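First up is the structure itself, then whatever we jot down about it.
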Amino acid sequence: MFRLARLAPVRPLQTRSYTGGALYPTSYLFAGARARPTFTPRQAGEESGPRRDSRSSRDGDGRPGPSNRDRAPRDTRFPRGDRSSAPCEGSRSGSFSRGAPGAVAGAAAFRGSRGRDSNRDARGDRDRDRNSHRSADRPAREWKVRGMTPPTSTNPYTLSERVKKYLARHPDRMTRPQIDEMLAIVRSAPPSMSTAPVWNLVLSRMGRDGYHTAMWKAFNEMKKRGTHASSRTFTVLLNAYAGVAHSGMVNETFSPAHRPERLTLERVRRIYDLSQAHIRKMLSKASRNEGSRDDLGVAYPEGEEGEAPMLPSEEVSVWPTNAYLKFLGRYGMWTEMEAVFLAMDREGPLAPDAATYYTMLSTANNVDHYRRSTKEDIGLPVIEVGSVGRGYFDQAVRTLGGDLDERLALAALSCFAAGSPSDQRVAEELVPRLWNLPAPGQPASATGVKGKYTLLPRAWATLPTLKLSVRSATALLSTLRRMGNKSLVAHYTRLVAEGPLARDADLALLRTFVHNLSFAGDADGASAILETFQPPSGPDGWPADVYLSVLGAARWAADWDIALSTFRRMVALPPAAEGGAGKYVWKAPNGRGQDVRGRAWVPPRPHDISAPAMGLLFKTALACLKHGIRPLRAAADIYDFFGPDAFFEVRTSAGVVDMNAGEAKHWDLSGRDYRMIGEAVDFARELELVAERLVETPRSPEDKAKHEGWRRDAARIVRIWGMRVEERGDRKPKARFLRSLD
């Protein structure tokens, strides 16, 4: 069969052909692709040209190749380095006139230019024209296709600034196309520019916005491109899986009932293993006094020179371990957390720091609190949170000394407050010692340093004195309320509320004041907070839970006046509900235009009437029966003004549930729906008791008949809906529930 590859070699014809961007004599086209000349860089001073075998002038297939006489003679009019600019006949810039010498000269000129470019790249002489090598570069083409301007520098600092500017233009959660565009910026850059700090910016934002699968793929792409991950890279990845963004948003949600998927757990453990291998590698290099810019991936500003030094403080770090502990703590994996903690060094750069101890203490507290507050058994271990907390805190004090921060101290106090009575006594002595506050029974001028602490170990004498901030005061007062000591709670709450810190108090701290004073039974103090401070929420006013807390304190104090005034402010009660006329008119609590901090009073929006608020008003009226029946009748008039539909028509996720209908339809209701129905059932029980008392002392026969109807309706609601709520198991049965079924 006729085959072109077997043709006899011929001399170049008097024509030229253009193939693949280079000019070749026609004889090469018939010889096959392998006969094309290959170009290799030469040493300085050698002639550039096609690679030839010094032993023979034949090519690899035995056919004769181009001889030296086929080459164009050297043009001595131009310097050796600028010969590529010589006008050669038959070259790219020349004409396509016929003639063999022109064709050979054109090919030789092209081969010479390619050989000189290779020589220049091999010598590293790029300062002549820094952007000339980007003309045929694929990354440069991608920059132009996407309408972007290619960087004029190969320094990683330039690329990192571009990524930062792009992230600054998208402060909210990025969409998937925006994520792809951000990745394109890094992919289009040369490998020398896409260092670890640049990839850290990308991975951190992807983890912050919840693109965990895409983040994992980008991490693998980073490794395939030859970029070495740093300790910060592993920290960013682990923090993202733990729900803690490395720079910005924090979402430390404790969700042990929703364990991570198997694939996610495998990826996280793989990342942690890689981080430990990287740290061991850095330790080995640090011991040999070695280091490289590639290992660290450091990006320097433009113009900074010199090799990047080895930085053990950054690369040999406990950050990846802390991030892994946060991930385990989020899902309550306490056993594995203890195993990781025990495997850590006792001293050195890999020893536990304040963040490590805080993660262990907060997770122990969360696990214990979850087990106490829920009936669901999800396999959480039983933790003696008081003794465990004392052990970790004692080790932290001995290790950290004066570096102990307020977050760690508050986590330890939370463990002590949930522990045994002896642990709670340790917390009582620790509070004045840490924040330099007068203990209960001491004058206000006394400080915690002067006291004697018999329960604190001697090693705790090195504890620093912490400054009480708004945030720490909120956490401290909330922790003290968990201990259940009302006198202790009232003492420190009044101390902070009457001090200079109250001028800077935010809504969270003001709410804590009200809740603590209500818990301590100080209804006057809780009501005074509402009348003294304008809430920072502006027209939204105080949250509903604040009003309910004051109503609860008034109920236990049997103070009808405080309960009624608080209820009026909560729902903007019109005078018609109390037998009057007109509309509700809001007035400044202190009779002035500003509160005690000099902030203008803002009329708040009223809350909707609710069963819990009306139930607390009924309970307060029942507690005041020893003073007369007037409060009870006033509360009954308010209920009659709003009507039963305002309390027994519950808006659920499945629609409006009319509890007066007499039948409990089997709807698919959520746990929140059942809680609202349970609140209405509790209110029906209170209404039944109020109706019984009013029937005994009626004002008229009509009122007696009306109150008897209230009692029948309330008993039916309790009988029908109470059973369903108890079957749901979301609420504990009450003693009056069985009596209401009779």
Go through (1) under 23 Å from Tyr492 (Cβ atoms); (2) touching a Pro at 6+ places or on another chain (Cβ under 6 Å); (3) loosely packed, with under 13 Cβ neighbours inside 10 Å one by one and return the number of the condition Arg597 breaks. (2)
When the range 474-523 is examined, which residues are found to be within 23 Å of Ile562 (Cα to Cα), of a type in the set (Lys, Arg) and touching a Lys or Arg at 6+ places or on another chain (Cβ under 9 Å)? none
Hey, can you tell me all the residues within the range 516-534 that are in contact (Cβ under 8 Å) with a residue 40 or more places away in the chain, out of contact with any Leu (no Cβ under 6 Å at 6 or more places or on another chain) and surrounded by 15 or more Cβ atoms within 10 Å (Cβ to Cβ)? Leu530, Thr532, Gln534
Of the residues in the range 180-224, those that are over 25 Å from Tyr324 (Cβ atoms) and either of a type outside the set (Asp, Glu) or touching a Leu at 6+ places or on another chain (Cβ under 6 Å) (or both) number 13
Among all residue pairs at least 6 apart or on different chains, which show Cβ distances below 7 Å where the first residue, located in the range 695-718, is free of Cβ contacts under 8 Å to residues at least 12 places away in the same chain and the second is among the basic types (Lys, Arg)? Pro698/Lys704
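With part of a helix (DSSP H, G or I) and either touching a helix residue (DSSP H, G or I) at 6+ places or on another chain (Cβ under 9 Å) or assigned by TED's automatic domain parsing to the domain that holds Arg599 (or both) as the only criterion, which of Gly521, Gly525 stands out?
Gly525
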From the option list Val489, Val550, Val496, Val546, single residue qualifying as closer than 23 Å to Gly593 by Cβ, outside the structural domain of Glu428 (by TED's automatic domain parsing) and in a helix (DSSP H, G or I) is Val546
Here are some residues: Thr454, Thr479, Thr465. Which one is assigned to a loop (DSSP other than H, G, I, E, B) and either closer than 20 Å to Thr363 by Cα or out of contact with any Asp or Glu (no Cβ under 9 Å at 6 or more places or on another chain) (or both)? Thr465
Just a yes or no: is a residue in the range 198-215 farther than 22 Å from Gly243 by Cβ and without any contact (Cβ under 8 Å) to a residue 40 or more places away in the chain? no
Tell me yes or no: at least one residue of the range 453-462 is surrounded by fewer than 19 Cβ atoms within 10 Å (Cβ to Cβ), at pLDDT below 90, hydrophobic (A, V, I, L, M, F, W, C) and touching a Ser or Thr at 6+ places or on another chain (Cβ under 9 Å). yes
Just one of the numbered conditions (1) buried (at least 21 other Cβ atoms within 10 Å of the Cβ); (2) modelled with pLDDT of 95 or more; (3) small (Gly, Ala, Ser) is not true of Ala339; which one? (1)
Out of the residues in the range 538-552 that are free of Cβ contacts under 8 Å to residues at least 60 places away in the same chain and surrounded by fewer than 16 Cβ atoms within 10 Å (Cβ to Cβ), which is nearest to Met614 (Cα to Cα)? Asp545
Could you please find all residues in the range 568-588 being surrounded by 18 or more Cβ atoms within 10 Å (Cβ to Cβ) and free of Cβ contacts under 8 Å to residues at least 60 places away in the same chain? Arg568, Arg569, Met570, Val571
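Would you call Gly303 assigned by TED's automatic domain parsing to the domain that holds Lys217 and at pLDDT below 85?
The answer is yes for Gly303.
Yes/no matrix, rows are residues, columns are (1) small (Gly, Ala, Ser); (2) part of a loop (DSSP other than H, G, I, E, B); (3) out of contact with any strand residue (DSSP E or B) (no Cβ under 8 Å at 6 or more places or on another chain):
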| residue | (1), (2), (3) |
| --- | --- |
| Lys164 | no, no, yes |
| Leu167 | no, no, yes |
| Glu181 | no, no, yes |
| Ala184 | yes, no, yes |
| Pro190 | no, yes, yes |
| Ser194 | yes, yes, yes |
| Pro197 | no, no, yes |
Filter the range 233-267 down to residues that are surrounded by 14 or more Cβ atoms within 10 Å (Cβ to Cβ) and basic (Lys, Arg) and give me whichever is modelled with the highest pLDDT. Arg267
If you go through the range 679-705, how many residues are under 21 Å from Glu649 (Cα atoms) and either at pLDDT below 90 or in contact with a Leu (Cβ under 9 Å, 6 or more places away or on another chain) (or both)? 3
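Could you check the range 611-650 and list, in sequence order, the residues that are part of a helix (DSSP H, G or I), over 45 Å from the mean Cα position of the chain (by Cα) and of a type in the set (A, V, I, L, M, F, W, C)?
Residues satisfying the conditions are Ala621, Leu622, Ala623, Leu625, Leu632, Ala634, Ala635, Ala636, Ile638, Phe641.
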Residue tally, condition surrounded by fewer than 21 Cβ atoms within 10 Å (Cβ to Cβ) and touching a Ser or Thr at 6+ places or on another chain (Cβ under 8 Å), over the range 611-639: 1
Would you confirm whether or not the range 640-648 contains a residue that is crowded, with 16+ Cβ neighbours inside 10 Å and either in contact with a Phe, Trp or Tyr (Cβ under 7 Å, 6 or more places away or on another chain) or modelled with pLDDT under 85 (or both)? yes
Need pairs with beta-carbon distance below 8 Å; first residue assigned to a loop (DSSP other than H, G, I, E, B) and within the range 377-397, second hydroxyl-bearing (Ser, Thr, Tyr) and exposed (fewer than 15 other Cβ atoms within 10 Å of the Cβ); sequence gap 6+ or separate chains. Pro381/Thr335
Do you know which residues across the range 157-177 are surrounded by fewer than 23 Cβ atoms within 10 Å (Cβ to Cβ), of a type outside the set (Val, Ile, Thr) and more than 21 Å from Gly243 (Cα to Cα)? Tyr157, Ser160, Glu161, Arg162, Lys164, Lys165, Tyr166, Ala168, Arg169, Pro177
Do we have any residue at all in the range 333-341 that's under 20 Å from Leu410 (Cβ atoms) and within 18 Å of the chain's Cα centre (by Cα)? no
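The values are calculated or read from the model by the stated rules, or taken from the named source; none is laboratory data. Quantities reported herein were computed from a predicted structural model and do not represent experimental measurements. We place every Cβ from the backbone using ideal geometry, glycine too, and count neighbours over all the protein chains shown.
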